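What follows is a set of notes on a single structure, which appears directly below.
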Amino acid sequence: MFNIIKDLTSYIIFILTHSLASYLPLEIIRHIIYFYARGIGNATKIICGKNHYGFLIDHSLYMVGSNKYGQLGFYGNNAYKPIKIKPNDIIDANCGWTDHTVFITNSGDVYCCGYNFDDKFHLGTHSLRLLLHKHPIIKNIKMVSSNNKYCIFLTTDGNIVGYELYDRFRYNIETISCTLYNVLFISKNKVYEFDLSVDNYYGASEINVPGDIISIDCGNWYAIIHTTSGLYLQTFDVLGWQEYQHVDIYNIISIKCGPNHILVLTKQGLFSFKYNRLEFVKVDISDILSFNCGASDIFILKLDGLHMIPYPS
């Protein structure tokens, strides 16, 4: 009897959300998405845009949320129940905040869908709305970092697609992450950056922070560098990019950056803070398998499935 009621409730919600999609407040839509997605417990990665999300499960990608620009990879309305998209050998994916999705297959092929403003997919075209599209040129990709303005691709042999780097960087880049204005990358245990906001590209400059480099990650207006000496944060404001400052948090296991929020998993638990206000708030949840930053919520995978909780204030 319980299952019948549950299925009937799901069906009613499905019909209502599809027929009233244009009229529902975003807050309600987010909770409807959670209603359908909360049972996902075997995802290996969560990707978050502003209003669209993805779950990587056994090399398959399930997309849900807004489809205004075709960012879910198919024709049709918004999706409030996770929908599997092809192909079936996906190893990494990235939601470009409001309007696109890019993902990589095990063979290094790139697929992209959504808003292609200013040819950020490097397709040689300015078609604004693309459905699921296998990239005809870019191959052998192992990592992608993207936001509203840019898609940055890292090849399996350590090069960044579309940017001529000095010879000393070629074949040596290990990981990348981009803000709205620049790209950070790690090469030979050092962090470098180059500016995406200028027309003329002049190469990369080294960022000097104490300790050995562990990881990097970026939001729209900030960059984070995690080293053996701690966490270092650079922010962007009306005066431009500020100097890196040490963030007073320790015993770090991993970090995730959203557009405005940073999540830090430590041995003492999960903490949240905004990039422009270094006030740490502990997130009241434990036994975390995976997590990521949404626009208004934290997405957390535990053994019992997906949990979506608002950022603590």
(message) Checking the condition out of contact with any strand residue (DSSP E or B) (no Cβ under 9 Å at 6 or more places or on another chain) and more than 24 Å from Ser229 (Cβ to Cβ), which residue from Asp304, Asp287, Asp297 passes?
(response) Asp304
(message) Which count do you get for residues in the range 269-305 that are under 23 Å from Asn42 (Cα atoms) and assigned to a strand (DSSP E or B)?
(response) 14
(request) Could you check, for the range 101-124, whether at least one of its residues is more than 27 Å from Ser290 (Cα to Cα) and in contact (Cβ under 8 Å) with a residue 60 or more places away in the chain? (result) no
(message) Looking only at the range 257-313, filter to residues that are touching a Leu at 6+ places or on another chain (Cβ under 9 Å) and of a type in the set (Val, Ile, Thr); which one of those is farthest from Ser146 (Cα to Cα)?
(response) Ile285
(message) Looking only at the range 218-246, filter to residues that are in a strand (DSSP E or B) and of a type in the set (A, V, I, L, M); which one of those is surrounded by the most Cβ atoms within 10 Å (Cβ to Cβ)?
(response) Ala223
(request) Name the residue, out of Ser177, Ser187, that is modelled with pLDDT of 80 or more and touching a Cys at 6+ places or on another chain (Cβ under 7 Å). (result) Ser177
(message) Being crowded, with 16+ Cβ neighbours inside 10 Å, touching a Phe, Trp or Tyr at 6+ places or on another chain (Cβ under 7 Å) and more than 22 Å from Ala43 (Cα to Cα) is the requirement here; does Ile249 meet it?
(response) yes
(request) Return the residue satisfying two criteria in turn: it lies in the range 243-291 and is of a type in the set (S, T, N, Q) and modelled with pLDDT under 90, and of such residues it is farthest from Pro312 (Cα to Cα). (result) Ser290
(message) So Met308 passes all but one of these: (1) assigned to a strand (DSSP E or B); (2) out of contact with any helix residue (DSSP H, G or I) (no Cβ under 9 Å at 6 or more places or on another chain). Which condition number does it fail?
(response) (2)
(message) Checking the structure you have, find out if any residue of the range 113-125 is of a type in the set (Phe, Trp, Tyr), modelled with pLDDT of 90 or more and out of contact with any Cys (no Cβ under 9 Å at 6 or more places or on another chain).
(response) no
(message) Just checking, does the range 223-234 include any residue being within 27 Å of Asp212 (Cβ to Cβ) and within 16 Å of the chain's Cα centre (by Cα)?
(response) yes
(message) Looking only at residues that are within 20 Å of the chain's Cα centre (by Cα) and more than 18 Å from Leu72 (Cα to Cα) in the range 111-137, which one is surrounded by the most Cβ atoms within 10 Å (Cβ to Cβ)?
(response) His122
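The values are calculated or read from the model by the stated rules, or taken from the named source; none is laboratory data. Not measured: the values here are computed from a predicted model. Neighbour counts run over all protein chains shown; Cβ positions are idealised from the backbone, glycine included.
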